[in-house]
Amino acid sequence: MIKKQQLKGQKQVKVTFALPQEEVENQVSVVGDFNDWDPAKTKLIKRGNGTFSASVTLKKGEHYAFRYVVDGGKWLNDEEADAYEVSPFGTKNGVVLT
């Protein structure tokens with residue numbers, strides 16, 4: 001799930017990435033153009049409602065490729081991505097438009 005919130009008076013958008021508990025055994029990170037594809041930078045935190053989520057603040061009007069890395073090795077796309085594009089590795093990345 002992806003939720004976007006325009007930050008009032010700013011040219012930024014708060015984007016929240018979330019996955020249901022069923023998708024994750026131990027840990028999950030969101031990686032993408034906004035964090036140099038580094039799984040250590042944006043880890044999703046387990047919430048009381050059974051989801052894992054994290055938020056990032058991104059520049060408005062941009063295009064960001066992203067994916068989830070689950071339990072250190074499984075790569076997932078978000079079904080609610082705004083679009084998909086082929087990566088340099090021949091796989092598909094999700095895209096979030098801000």
- Expressed in nanometres to one decimal, the distance between label points 7 Å along Cα→Cβ at Lys74 and Lys41 is 2.5
- Message: Please compute the Kirkwood hydrodynamic radius over the chain, one decimal place, Å, based on all pairs of different Cα atoms.
- Response: 13.6
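Could you put Val13, Val96 in order, starting from the residue whose Cβ has the fewest other Cβ atoms within 10 Å?
Ranked by crowding around the Cβ, least crowded first: Val13, Val96.
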- Residue order, fewest to most surrounding Cβ atoms within 10 angstrom, among Ser29, Ser53, Ser87: Ser87, Ser53, Ser29
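Quick note: the coordinates plus some simple rules give every number you see, no bench work behind them. Since the structure is predicted, the reported quantities are computational estimates derived from the model, not experimental observations. In this analysis, Cβ positions are derived from the backbone assuming ideal geometry, glycine residues included, and neighbour counts consider all displayed protein chains.
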